[in-house]
Amino acid sequence: DADVVLVNKPCGMVVHPAAGNEDKTLVNALLYYVHDLSGIGGEMRPGIVHRLDKDTSGLILIAKNDAAHTALSEQFKQRTMEKHYLAVVDGRMREPSGRVDKPIARSTKDRKRMAVDPAGREAVTEWTLLENLKNAALLDVHILTGRTHQIRVHMQSLHHPVAGDPIYGQKNGVKAPRLMLHAYTLSFTHPRTGERLSFTA
């Protein structure tokens, strides 16, 4: 509509241009189709309120004007925006649900990785078991914070890494065609109308 764009991002698409990924990004596509994106993110990240990793698919919300951008960013800060992911993880889960409250920071050993670190920023992930599979489990994952690689790092810390994860996965883990992480529901309050909206992909 006039304020927001919601996209079901495919696996393998980078959200915004960066070194080594200047084109074929979500932002490039948005700029082609949408001519009135918020300028708050600057030239490289116009309208981008939150991100998904390149290999994560699913719902991503984009602001079309600065007022919408500010309102949506505030919902992220206040944790009133609700995001749920579907994840297939290595190994069967013994518990029906769980909560991971472990701070995350950039790894001191490898700058491309994130890691659980007591000196890092607060990161909270809740998970619910949907189904135990043969050597894996299907989970509903709800994140209360939005740290880089949060679900991937937290699930690895439980020794149940996301299947198909090239960075945090197990070499002898479940064979998967891609990173098995999909942002499937997103609920937020519309920045103009105040209506509570929920979307599923």
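Roughly how many nanometres apart are two label points built 7 Å out from the Cα toward the Cβ at R121 and T193?
3.2
Percent of accessible area on the chain owned by carbon and sulfur, 1.4 Å probe? Walk me through the numbers on the way to the answer.
Values: 5510 of 10770 Å².
C and S fraction of accessible area: 51 percent.
When you count, for each residue, the other Cβ atoms within 10 Å and take the mean per peptide, how do 169-176, 58-65 rank with the highest first? Kindly include the intermediate steps, with their values, before the conclusion.
Working: 169-176: 13.4, 58-65: 22.2.
Listed from highest to lowest mean packing, they are 58-65, 169-176.
Suppose we keep just the alpha-carbon trace of the chain; what are its Rg and Dmax in angstrom?
So, for the chain, Rg and Dmax equal 17.0, 50 Å respectively.
How about region 97-201: which GluC sites (Glu not before Pro) there lie in a loop by DSSP and see at most 10 other Cβ atoms within 10 Å? Spell out each step's value before the answer.
On the way: sites: E122, E126, E131, E195; in loops: E122, E195.
Counting only loop positions with at most 10 other Cβ atoms within 10 Å, the GluC sites (Glu not before Pro) in region 97-201 are E195.
How much area per residue is accessible in the chain when the probe is 1.4 Å and only protein heavy atoms are counted (Å²)?
On the way: 10770 Å² over 201 residues.
For the chain, the per-residue accessible area is 54 Å².
Quick query: amide H of N65 versus all other amide H atoms, modeled in the peptide plane; which residues come in under 5 Å with a sequence gap of 5 or more or a different chain?
The answer is S38.
The values are calculated or read from the model by the stated rules, or taken from the named source; none is laboratory data. Keep in mind that this is a model prediction, so the values were computed, not measured. So basically every Cβ, Gly included, is an ideal-geometry build from the backbone, and we count neighbours across all protein chains shown. Calculation scope for accessible area: heavy atoms of the full protein, side chains included, ligands and nucleic acids excluded. Shrake-Rupley method; radii C 1.70, N 1.55, O 1.52, S 1.80 Å.
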